[in-house]
Amino acid sequence: MRAAEVVPGKPEASRVVDRDDPDRPDELLVEGLLVGMCGTDVEIIRDGFGWLPPGRDAIVPFHESLGRVISSPTPDFAPGDLVAGVVRRPDPEPCPACAVDAWDFCRNGKYTERGIKEIDGYGMQRWTVPPKFAVKLDPTLGDAGVLTEPASVVAKAWAQASAVAERSHLPVRSALITGAGPIGLLAALLGVQRGLEVHVVDRVTEGRKPDLVTTLGATYYSDLADVKADVDVAIECTGVARLIWECARRASVTVLAGISGEHDPVPLDPSVFDGMVLGNKAVVGTVNAGLPDYVAAAEALSDASRPWLNGLITRRVPLDRFTDALAKEKDDVKVVVDLT
Ligand code: BGC
């Protein structure tokens, strides 16, 4: 079988290699169908984020997976099932979070992540996964099943928003989503599915992103200043400091789900803190996802309009040219790599 390999920070070393099929009888054997390219993969390949598996000089990239089961050691999965694999594995010690399978809250940083931290990703034509780290998908999802992992990150963000809102008896009726990339759009989808009035802000003024937002029944803005409505929850998907600040000023609960990589100091208005104190407001960060979030994501995708989900997948590149997915083209939302 063929597999992608990358060396963090050395895009020129990216290659496709022949490998033996994996042989782990206790795990699901899966035919890899698609993987999604996300900002983290670009950071790994271009900027050197990520950790190689011990003793190796390259890692198989990609953590957003879609595959079809070839064989299963348990009756919970059957050949032909569409599945997505979980990204993170608990730390071996384990920490208090990993001890209860809440690996997404790992306290000691000794977790591993497929395609990101020390273990190979899903960018290969055959992969295996322990049944506990696989999620069965609605077979009618087809290619859109590759959105399960980003949707799991968003499902966790919404779960955090609900938990924090509950603590202050906040009835959540409206949401502000900053950023209309795959994470922001999926956050908007889950907000609409919760019956909320959803406002989405991104820089672009036209094209596929505004269309996808309005088709959902949410409202699109290319300038945050134009959002006049009150917002109960903000899901911040850009990591841009100015936007984080504005979310914290406007919303009772802000969930930070994005990283910008920006380092330049920005002027901040300290009155935002007064508002946070007097309004019992909260800002929480979230990363990764636990199994319940993957299950929630699979259900949310199953309930979503297929044309809308398929509209998020804007480009498909073959495994042999997987690095073509690194650069975003105009109107790209999610670019996927076809492993078949
Ligand atoms: C992935 C997460 C992962 C995080 C940090 C994100 O792109 O979606 O699963 O935990 O990167 O490595």
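What do you reckon, is VAL153 farther than 18 Å from SER252 by Cα, touching a residue at least 60 places away in the same chain (Cβ under 8 Å), of a type in the set (A, V, I, L, M) and buried (at least 24 other Cβ atoms within 10 Å of the Cβ)? Walk me through it before giving the result.
On the way: farther than 18 Å from SER252 by Cα: yes; touching a residue at least 60 places away in the same chain (Cβ under 8 Å): yes; of a type in the set (A, V, I, L, M): yes; buried (at least 24 other Cβ atoms within 10 Å of the Cβ): yes.
So VAL153 fits the description; yes.
Given the condition away from the ligand (no atom under 16 Å from the Cβ), in the same structural domain as VAL42 (by TED's automatic domain parsing) and not in a strand (DSSP E or B), answer yes or no: does some residue in the range 114-122 qualify? Steps first, answer last, please.
Kept after step one, since they are away from the ligand (no atom under 16 Å from the Cβ), are these residues of the range 114-122: none.
So far as the range 114-122 goes, no, none of its residues is away from the ligand (no atom under 16 Å from the Cβ), in the same structural domain as VAL42 (by TED's automatic domain parsing) and not in a strand (DSSP E or B).
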From the option list VAL231, VAL227, single residue qualifying as crowded, with 22+ Cβ neighbours inside 10 Å and not charged (D, E, K, R) is VAL231
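Please give the strands (runs of 3 or more DSSP E) falling wholly within the range 240-319 in which 3 or more residues are crowded, with 18+ Cβ neighbours inside 10 Å.
253-256
Within the range 51-93, how many residues are under 30 Å from VAL7 (Cβ atoms) and either free of Cβ contacts under 8 Å to residues at least 24 places away in the same chain or out of contact with any His (no Cβ under 7 Å at 6 or more places or on another chain) (or both)?
At the first step, the residues of the range 51-93 found to be under 30 Å from VAL7 (Cβ atoms) are 51-68, 70, 83-93.
Now restrict to residues that are either free of Cβ contacts under 8 Å to residues at least 24 places away in the same chain or out of contact with any His (no Cβ under 7 Å at 6 or more places or on another chain) (or both): 51-68, 70, 83-86, 88-93.
Of the residues in the range 51-93, 29 are under 30 Å from VAL7 (Cβ atoms) and either free of Cβ contacts under 8 Å to residues at least 24 places away in the same chain or out of contact with any His (no Cβ under 7 Å at 6 or more places or on another chain) (or both).
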Considering only strands (runs of 3 or more DSSP E) wholly within the range 1-97, the ones with at least 3 residues that are within 15 Å of the ligand (Cβ to nearest atom) are 28-37, 64-71
For the range 149-156, check the following and say yes or no: at least one residue is modelled with pLDDT of 95 or more, assigned to a helix (DSSP H, G or I), closer than 28 Å to PRO25 by Cβ and within 11 Å of the ligand (Cβ to nearest atom). yes
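The values are calculated or read from the model by the stated rules, or taken from the named source; none is laboratory data. As the structure is a computational prediction, the values presented were derived from the model and not from experiment. Cβ atoms come from the backbone with ideal geometry, glycine included; neighbour counts cover every protein chain shown.
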